[in-house]
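Since the structure comes first, as structure tokens, the remarks are kept for the end.
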Amino acid sequence: MRKKIAAGNWKMNKNYGEAIELASSITNAQVPEDVTVILGVPYIYLKEINEIAKANPNVFVSAQNVHQKENGAYTGEISAPMLKSIDVPYVIIGHSERREYNCETPEILKEKVRIALDNGLDVIFCCGEPLEIRKKNEHESYVKDQIEKSLAGLGDEDMKRITVAYEPIWAIGTGETASPAQAQAMHKAIRDYLKELFGEKIAEETAILYGGSVKPSNAVEIFGQEDVDGGLVGGASMKTDSFLDIIKSF
Ligand code: 13P
């Protein structure tokens, strides 16, 4: 049985008061016992929201990024040992916005995945194609390449701590969602590829999340697809009611 995961990615949103209020209202809500809820919050709120989340055994925090080096002269960056030192359980690595605006290459992402795992962080690894690749019908090979370059070579114990998030870039923040069939086709392709790289057991156990304009009105159908194990949600995760509806969509 794979985990069912509803993960929110707040990106660079919410001031301090709003962040604490949102995290508290999600944590205090009834969450189905078999659903893992993850709040991807800005760094500066991690410690406090991590403490808040501990009141609900199903709710966890995640960092949205981590630096690839252990420590050193990298002004403004946050390291995996720092996240570990405040007990952060998850980190999102490879979001398309970071690949694009922060020039994160697959090779850098591979280093980030390694150092996160070495410091006991579970990784939500993002992949997904831009619109021009989808139009050329090259999305499967594009995403496989992203996975190959950043995850290939990980051991079984490492892979048990990886969740994959497929987020087609053309569906992020655009209101345009991949159809349930498009999502399922890609998730199946990813799972088949994980099988090639890591074997059947790991592939069957790895949760693959869909991201890109998930909302209460489409979550049931998307989460109902065989190879979709939940969502990584931006906009709709930042309102208590809509995120709770999504959490209850499995
Ligand atoms: P939206 O749900 O706002 O489209 O964002 C998706 C996303 O990028 C989550 O990481």
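Tell me which residues, restricted to segment 178-215, are outside any loop (DSSP other than H, G, I, E, B), open to solvent by 10 Å² or more (accessible area, probe 1.4 Å), within 26 Å of F243 (Cα to Cα) and small (G, A, S).
Across segment 178-215, the qualifying residues are A181, A185.
If I ask for residues that are crowded, with 17+ Cβ neighbours inside 10 Å, part of a helix (DSSP H, G or I) and hydrophobic (A, V, I, L, M, F, W, C), which ones from segment 1-53 would you list?
Result: A19, L22, A23, I26, L46, I49, I52, A53.
Give segment 157-175 a look and list any residue that's among the polar types (S, T, N, Q) and either in a helix (DSSP H, G or I) or more than 8 Å from the ligand (Cβ to nearest atom) (or both), or say none. Reasoning before the result, please.
Of all residues in segment 157-175, those among the polar types (S, T, N, Q) come to 163, 174.
Listed by number, the list holds a single entry, T163.
Scan segment 1-25 residue by residue and report those that are among the aliphatic types (A, V, I, L, M) and within 16 Å of the ligand (Cβ to nearest atom).
I5, A6, A7, M12, L22, listed by residue number.
Any residue in segment 67-85 that is within 26 Å of K248 (Cβ to Cβ), away from the ligand (no atom under 16 Å from the Cβ) and aromatic (F, W, Y)? I'd like the intermediate steps shown before the answer.
The initial filter retains those residues of segment 67-85 that are within 26 Å of K248 (Cβ to Cβ), namely none.
Within segment 67-85 (the criterion being within 26 Å of K248 (Cβ to Cβ), away from the ligand (no atom under 16 Å from the Cβ) and aromatic (F, W, Y)), the answer is no, since none of the residues qualifies.
Starting from residues that are under 22 Å from G224 (Cα atoms) and open to solvent by 40 Å² or more (accessible area, probe 1.4 Å), keep the ones in segment 144-173 and report whichever is modelled with the lowest pLDDT.
The selected residue is G173.
So, in segment 18-39, exactly how many residues are closer than 20 Å to T206 by Cα and not hydroxyl-bearing (S, T, Y)? It would help to see each step written out before you state the result.
First, the residues of segment 18-39 that are closer than 20 Å to T206 by Cα: 33-39.
Subsequent filtering for residues that are not hydroxyl-bearing (S, T, Y) retains 33-35, 37-39.
Residues flagged as closer than 20 Å to T206 by Cα and not hydroxyl-bearing (S, T, Y) within segment 18-39 amount to 6.
Inspect all residues belonging to segment 219-238 and state whether any of them is modelled with pLDDT of 95 or more, away from the ligand (no atom under 16 Å from the Cβ) and among the charged types (D, E, K, R).
Looking through segment 219-238, at least one residue is modelled with pLDDT of 95 or more, away from the ligand (no atom under 16 Å from the Cβ) and among the charged types (D, E, K, R).
Using beta carbons and a limit of 7 Å, which pairs, at least six apart or on different chains, have the first residue in segment 91-115 and without any contact (Cβ under 8 Å) to a residue 60 or more places away in the chain and open to solvent by less than 20 Å² (accessible area, probe 1.4 Å) and the second one of a type in the set (V, I, T) and part of a helix (DSSP H, G or I)?
Cβ pairs passing all conditions: I93/V113.
How many residues, within segment 90-149, are within 13 Å of the ligand (Cβ to nearest atom), closer than 22 Å to A6 by Cα and part of a helix (DSSP H, G or I)?
Residues in segment 90-149 being within 13 Å of the ligand (Cβ to nearest atom), closer than 22 Å to A6 by Cα and part of a helix (DSSP H, G or I): 3 in total.
The values are calculated or read from the model by the stated rules, or taken from the named source; none is laboratory data. Just so it is clear, the structure is predicted and the values come from calculations on it, not from any experiment. Counting neighbours? That spans all protein chains shown, and the Cβs are built from the backbone with ideal geometry, glycine included. To get the accessible areas, we keep the full protein, side chains included, count just its heavy atoms, and leave off ligands, DNA and RNA. Shrake-Rupley method; radii C 1.70, N 1.55, O 1.52, S 1.80 Å.
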